[in-house]
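Chemist: Take this structure, written in structure tokens, and hold onto it; I'll ask about it next.
The values are calculated or read from the model by the stated rules, or taken from the named source; none is laboratory data. Here the structure is a predicted model, which is why all the values come from computation and not from measurement. As a convention, Cβ positions derive from the backbone with ideal geometry for all residues, glycine included, and neighbour counts pool all protein chains shown.
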Amino acid sequence: MLGVARGATEQEIKSAYRKLALQFHPDRNPNNPDSEEKFKECSEAYAVLADGEKRAMYDRYGHAGVAGAAGGGVGFDATVFQDFSDIFGDFFGFGDLFGGGGSRRRSRTQRGADLREDITLEFEEAVFGVEKQVTVRRHETCEDCRGSGAAPGKAAATCRSCGGRGQVRYQQGFFSIARTCPTCQGTGSVITDPCPKCKGEGRVLRQRTVDAKIPAGVEDGTRIRFSGLGEGGVHGGGAGDLYVVLHVKEHAFFEREGNNLHCVIPISYTQAALGAEIRVPTLEGEQTLKIPEGTQSESTLRIRGKGVPVLNGHGKGDLFVEVRVQTPAKLTKRQRELLQELEGLTKVENKPEHRTLLGKVKDIFG
């Protein structure tokens with residue numbers, strides 16, 4: 001019946017029984033006589049194999065050797081099922097079978113739910129930090145009943161259905177199964193005189209404005225937890241947390257990569273060729289940047305310490321400036337003359353440059 005070998009260990013027998021009992025248990029197969037019968041059969045088989053003496057009789061004489069002792073007949077011994085709570089406890093939520101064990105009353109107090117609020121920040125606010133006000137609708141502990149749900153001066157009464165145990169028992173053949181009391185939901189008590197203000201809930205809905213301090217260096221998608229600012233607990237339970245999710249707007253010309261910033265600055269070909277000092281913008285004002293002589297277009301220069309502060313740490317990232325040589329679209333007569341004179345003094349071979357295999361691979365795969 002259990003499908004185990006003759007030399008199966010106690011744990012193997014228990015595991016096989018658990019699997020079949022879960023499959024055929026009456027709670028999972030209501031109004032199914034066949035499943036109930038199979039459940040009884042595998043329970044009888046477990047009753048035999050879990051008992052050393054009965055197992056020896058079965059090994060020696062087969063079913064005839066235990067026919068009167070296995071399944072509710074003459075000589076049936078229910079004490080072999082005392083470990084059923086170990087087998088079923090994690091799956092069905094009842095404490096004991098065959099009437100064993102005590103009550104399993106649930107606590108009325110419950111922790112409040114967590115809340116989420118989304119706010120949008122300017123780019124600079126995310127970089128330097130800011131304090132924002134967040135409007136939150138949440139349940140808070142009722143001041144009149146202090147979260148109990150009962151009217152002032154009253155208290156919750158013992159549940160009559162379960163006698164305060166939080167469980168009720170049902171008889172199914174030789175089984176006595178404990179289940180959560182449907183009247184009090186397992187708490188063992190009911191509120192007969194509810195608080196007029198919260199209608200017995202122990203909480204009331206309110207709208208609050210919360211000051212949310214955003215630290216410097218946060219990024220788009222950052223989630224900040226504010227402990228205890230979520231929903232109030234049920235019947236005096238602890239409050240949940242508030243999670244603020246940040247959405248950062250894009251900047252007009254800065255792009256962020258971690259703690260570093262990137263931007264593109266145009267320069268003239270004379271500045272690139274001769275070198276120069278130019279003023280470039282940063283998030284903290286303008287900064288002097290030295291352009292080395294002979295700088296090529298799309299070269300990247302670094303300004304240290306002008307990036308984004310490290311979140312909850314020390315130091316800042318850098319600002320990377322990509323310079324692009326800008327060719328004038330229109331030239332004056334004098335500019336043209338000078339450029340033509342320069343061209344006569346400059347010789348450039350217009351031949352394709354040698355490209356490495358690595359460079360070709362980068363172009364192919366982007």
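Chemist: Val134 - would you say it is aliphatic (A, V, I, L, M) and either surrounded by fewer than 18 Cβ atoms within 10 Å (Cβ to Cβ) or in a strand (DSSP E or B) (or both)?
Modeler: So Val134 fits the description; yes.
Chemist: Is at least one residue of segment 221-233 farther than 30 Å from Gln110 by Cβ and modelled with pLDDT under 95?
Modeler: yes
Chemist: Please pick out the residue among Val264, Val321 that is touching an Asp or Glu at 6+ places or on another chain (Cβ under 9 Å) and among the hydrophobic types (A, V, I, L, M, F, W, C).
Modeler: Val264
Chemist: Now, a different point. Quick check: anything in segment 160-179 touching a residue at least 60 places away in the same chain (Cβ under 8 Å), under 30 Å from Gly221 (Cα atoms) and either in a loop (DSSP other than H, G, I, E, B) or not hydroxyl-bearing (Ser, Thr, Tyr) (or both)?
Modeler: no
Chemist: So, Val245, is that one under 30 Å from His139 (Cβ atoms) and either modelled with pLDDT of 95 or more or among the aliphatic types (A, V, I, L, M) (or both) or not?
Modeler: Yes; evaluated as a whole, the condition is true for this residue.
Chemist: Additional query: Run down Ala216, Ala212, Ala273 and say which single residue is outside any loop (DSSP other than H, G, I, E, B) and closer than 21 Å to Ile119 by Cα.
Modeler: Result of the check over Ala216, Ala212, Ala273: Ala212.
Chemist: Which one of Ala113, Ala16, Ala5 is modelled with pLDDT of 80 or more and in a helix (DSSP H, G or I)?
Modeler: Going through Ala113, Ala16, Ala5 in turn, just one is modelled with pLDDT of 80 or more and in a helix (DSSP H, G or I): Ala16.
Chemist: Okay, moving on. Of all residues in segment 265-289, which are of a type in the set (A, V, I, L, M, F, W, C) and exposed (fewer than 13 other Cβ atoms within 10 Å of the Cβ)?
Modeler: Listed by number, the list holds a single entry, Leu274.
Chemist: Among the residues of segment 243-250, is there at least one that is at positive phi and in contact with a strand residue (DSSP E or B) (Cβ under 7 Å, 6 or more places away or on another chain)?
Modeler: Within segment 243-250, not a single residue is at positive phi and in contact with a strand residue (DSSP E or B) (Cβ under 7 Å, 6 or more places away or on another chain).
Chemist: For segment 290-305, how many residues meet the condition of being of a type in the set (Val, Ile, Thr), outside any loop (DSSP other than H, G, I, E, B) and either in contact (Cβ under 8 Å) with a residue 40 or more places away in the chain or crowded, with 16+ Cβ neighbours inside 10 Å (or both)?
Modeler: Final tally of qualifying residues: 2.
Chemist: Which of the residues that make up segment 261-280 are more than 14 Å from Leu301 (Cα to Cα), touching a strand residue (DSSP E or B) at 6+ places or on another chain (Cβ under 6 Å) and of a type in the set (A, V, I, L, M)?
Modeler: none
Chemist: Checking Gln172 against (1) modelled with pLDDT under 90; (2) within 30 Å of Val248 (Cβ to Cβ): exactly one of these is not met. Which one?
Modeler: Failed condition: (2).
Chemist: With respect to Lys197, is the statement that it is more than 21 Å from Pro152 (Cα to Cα) and either at pLDDT 90 or above or of a type outside the set (Lys, Arg) (or both) true?
Modeler: no
Chemist: Please pick out the residue among Lys249, Lys290, Lys306 that is touching a helix residue (DSSP H, G or I) at 6+ places or on another chain (Cβ under 6 Å) and of a type outside the set (A, V, I, L, M, F, W, C).
Modeler: When all the criteria are applied, what remains is Lys249.
Chemist: Regarding Cys198, is this residue free of Cβ contacts under 8 Å to residues at least 40 places away in the same chain, more than 16 Å from Val136 (Cα to Cα) and buried (at least 17 other Cβ atoms within 10 Å of the Cβ)?
Modeler: no
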